[in-house]
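Trainee: The structure is given below, and queries will be raised subsequently.
Just so it is clear, none of the values below were taken in a lab; they were calculated from the coordinates. Keep in mind that what you see is a predicted model, and the values were worked out from it rather than measured. Using ideal geometry, Cβ is built from the backbone for each residue, glycine included, and neighbour counts are taken over all protein chains shown.
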Amino acid sequence: MNATQSLIAGALLLALATASAAADPKTSGKKLYCWNEDGRKVCGDALPAHAVDSARTEISAKSGMATARVDRALTGEERAAAEQAAREARSAALAVEASKRRDRAMAESYATEQDLRNSFQERIVLLDETVKASQFGIAGRRQALLSLLRKAGEAELSGKPVGKTLAENIRGQHDELLHQQDVLKQQVLERSLADQDLTAALERYHALKSRAPGGG
């Protein structure tokens, strides 16, 4: 049986089932089901177990009109992807709402632009001091390492072996210097972001104040 014949057979089955249901008042609430099976359209008054997860159309046995269309069941992978997308959408919605609350709080907390600047300035000053302290610490650590390296160099020039304690101190000072340099990089980044945050906050502040009653 080709596809056209299958379609005609399905339509005839549906028509006969609908006509039979219409003639019997007891079936007024009964439904018919149509689904695809191996490329063929199959209709019946009961849904077999193997078709439960298939996409199908549900039809009123009384009127012959489609009452619902049910998509096929998702695979485990598709369901996991859908759940992940839903979580991301919820997170994005929560982030937007949190941003709105922060903006409202900012507009209510700072009467003037200077008040907002002063608030950020406290953070900026603290970051500046932190960067300076790290730079000072790195300079001291570098000097200590150079001093140890000179001792090791003098020992080698004198034909003496570099002692175990001295070698361990050199490695320790070197590792700590690299660590402090990494910390300083992060602090400098945070300091630059503070300027960007202030600029963005001022833009939001001006926008909020302009929309407020009596705003410019």
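Trainee: Spelling out what I want: for every residue of the range 181-192, take phi, set θ = phi - 60°, compute 6.51 cos²θ - 1.76 cosθ + 1.60 (Karplus), and round to whole Hz; glycine and proline get x.
Mentor: Going residue by residue, I get 5, 5, 4, 4, 4, 5, 5, 5, 4, 4, 5, 5 Hz, with x marking Gly and Pro.
Trainee: Next question. For the residue pair residue 65 and residue 91, what label-to-label distance in nm results when each label sits 7 Å from Cα along the Cα-to-beta-carbon direction?
Mentor: 4.5
Trainee: In a shell of Cβ-Cβ distance under 14 Å around residue 114, excluding residue 114 itself, what net charge do Lys and Arg (+1) and Asp and Glu (-1) give? Before the final figure, lay out the partial values.
Mentor: Working: positive: 117, 209; negative: 113, 115, 122.
Value of the local net charge: -1.
Trainee: Something else about it: Can you tell me how much longer the chain between residue 156 and residue 171 gets when fully stretched, taken as 0.36 nm per residue apart minus their C-alpha distance, in nm with one decimal?
Mentor: On the way: separation 15, 0.36 × 15 = 5.40 nm, distance 1.70 nm.
Between residue 156 and residue 171, full extension yields an extra 3.7 nm.
Trainee: Give me the net charge for the shell around residue 69: Cβ to Cβ below 10 angstrom, other residues only, Lys and Arg +1, Asp and Glu -1. It would help to have the intermediate numbers written out before the result.
Mentor: Working: positive: 56; negative: 58, 71.
That sum, taken over residues with Cβ under 10 Å, equals -1.
Trainee: Quick one: Karplus J couplings for the range 113-123, per residue in order, coefficients 6.51, -1.76, 1.60, θ = phi - 60°, nearest Hz, x for Gly and Pro?
Mentor: 4, 5, 4, 5, 4, 4, 4, 5, 4, 4, 5
Trainee: Quick check: net charge around residue 145, other residues with Cβ under 12 Å of its Cβ, Lys/Arg +1 and Asp/Glu -1? Before the final figure, lay out each step's value.
Mentor: Values: positive: 141, 142, 150, 151, 171; negative: 175, 176.
Charge balance in the 12 Å sphere: +3.
Trainee: Quote the FRET efficiency, to the nearest 0.05, computed for residue 183 versus residue 84 with a Förster distance R0 of 30 Å and r equal to the Cβ-Cβ distance. Could the numbers behind the result be given before it?
Mentor: Details: r = 35 Å, r/R0 = 1.16.
Working from the Cβ atoms, E equals 0.30.
Trainee: Within the range 185-203, what residues put their amide N at less than 12 Å from the label point 7 Å along the Cα-to-Cβ vector of residue 131?
Mentor: Taking a point 7 Å out along Cα→Cβ of residue 131, the residues of the range 185-203 whose backbone N falls under 12 Å are 185-196.
Trainee: Test of understanding: extend the Cα→C-beta vector of residue 118 to 7 Å, then name every residue of the range 186-204 with backbone N under 13 Å from that spot.
Mentor: No residue passes the distance filter.
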